[in-house]
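**Q** To start, I am sharing the structure in question, which I have written as structure tokens.
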Amino acid sequence: MNVILFSILTLSGLGIFFGMVLAYAAKKFHVPVDPMIEKILAKLPGANCGSCGKAGCMGFAQALLAGELDLHSCSVTAAENKKDIADLLGLSLGEKAKKVSSLHCCGGSRAKDRFLYDGMKDCLAASLVLGGQKECRYGCLTHGTCVKACPFDAIVMTGDGYPKVLEDKCTACGVCVNVCPKGLYQLIPYESAKAKIYVACSSLDAGKVVMSVCGVGCIACHRCEKACPHGAMTVIDNLARIDYEKCTGCMECVKVCPTKVIKVRSGV
């Protein structure tokens, strides 16, 4: 009985001693936080998405205060909050066009598989196995890594097995751009009439090959190029490309595309 009591008292004493040591260390080595940093953090979304190039919102706030980054480096902070931060710091907040992410593939379950992949349901992991299970070496691997990675729930899987961007939720943080091993995401202007459309394909294969493995990709037929009255469409390396500086959103290319791979954005 005495041994048990002694053990309890010893452990209690050690607990009190180490607690006092930790309390002293916390006070001794405490690094004061600049009150302005706390005010900036209160206006940031707290997503810690890393789109600004820093590890999280604390890093962005510190870089902003040090003059290393500007407010536009954070693409996910609401416009009114950016204005509040600009007022706090005495900065001028210029206008910056909003962007939205777009996926340049629409194959999904309609694109053929060349082998059965039974590994981790992650696009990066799948891409390490012979470049992925899809016959199209450029296409979406359909495992939804971008869906899981998006900090704003702005990407969902469609019934055809490929991701779709919910433009009203997308903040153009760029996380999907960074995590896609096939590089299928691109940030394009959101509100501009010039960006009503995008090419939902990234294949550089010849049309015959595309049709044999997918059927919903760009076949480099040049019809869009010929139909565009503004010279905004060009076919380079077997893939239709849009010059958004020339595009007016006339939709002529959409009308003539035989595989319907030139898509109209959902947000317009």
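Read the figures in this text as sums done on the coordinates, not as results from a lab. Every value quoted in this text rests on a predicted model; they were computed, and no experiment measured them. Here the Cβ positions follow ideal geometry from the backbone for every residue, glycine too, while neighbour counts run over all protein chains shown.
**Q** Rounded to whole Å, give me the distance from the Cα center of the range 231-268 to that of the range 98-130.
**A** 23
**Q** Report, in listed order, any pair from K112/K148; K54/K83; K43/K182; K98/K226; K148/K246; K98/K246 with a Cα-Cα distance greater than 27 Å.
**A** K43/K182; K98/K226; K148/K246
**Q** Report the label-to-label distance for M157 and C221 in nanometres (one decimal), using points 7 Å from each Cα along the Cα→Cβ vector.
**A** Distance between label points: 3.1 nm.
**Q** Given a 10 angstrom Cα cut-off, can you work out which residue in V199, V76, V235 is the most mobile in a GNM of the chain?
**A** Of V199, V76, V235, the Gaussian network model singles out V235 as fluctuating most.
**Q** What does the extension gain come out to for V21 and V147, with contour length at 0.36 nm per residue minus their alpha carbon separation?
**A** Between V21 and V147, full extension yields an extra 40.8 nm.
**Q** Based on DSSP, what percent of beta bridges with both residues in the chain are antiparallel, to the nearest 5?
**A** Here the antiparallel bridges make up roughly 100 percent for the chain.
**Q** With viscosity set to 0.692 mPa s and temperature to 37 °C, compute the Stokes-Einstein D of the chain, Rh being the Kirkwood radius across alpha carbon pairs; µm²/s, no decimals.
**A** The Stokes-Einstein estimate is 149 µm²/s.
**Q** A further question follows. Determine the dipole magnitude for the range 35-89: charges of +1 sit on the beta-carbon of Lys and Arg, -1 on that of Asp and Glu, nothing else is charged, the reference point is the Cα centre, and the result goes in debye to the nearest 20.
**A** With Lys and Arg at +1 and Asp and Glu at -1, about 80 debye.
**Q** Which of L91, C176, Y138 sits closest to the plus end of the dipole of the chain, meaning its Cα is farthest towards the positive end, when Lys and Arg get +1 and Asp and Glu get -1 on the C-beta?
**A** Checking the options against the dipole of the chain, the answer is Y138.
**Q** Separate question: Quick one: plug the Kirkwood hydrodynamic radius of the range 148-268 (C-alpha pairs) into Stokes-Einstein at 10 °C, 1.306 mPa s, and report D in µm²/s. Don't jump to the answer; show the numbers that get you there.
**A** On the way: Rh = 15.3 Å.
Result for D is 104 µm²/s.
**Q** Separate question: Which value, in debye to the nearest 20, describes the size of the charge dipole of the chain about its Cα centre when Lys and Arg Cβ atoms bear +1, Asp and Glu Cβ atoms bear -1, and nothing else is charged?
**A** Numbers: 31 positive and 23 negative charges, 126 e Å.
With only Lys, Arg, Asp and Glu charged at Cβ, the dipole is about 600 debye.
**Q** Using only DSSP helix segments of four residues or longer, with each worth -39500 (n - 2.57), what per-residue ellipticity at 222 nm results for the chain after dividing by its residue count and rounding to 500?
**A** That comes out to -9500 deg cm²/dmol.
**Q** Now, a different point. Specify the residue with the greatest mean-square fluctuation among D84, D243, D118, computed from a Gaussian network of the chain linking alpha-carbon atoms under 10 Å apart.
**A** D118
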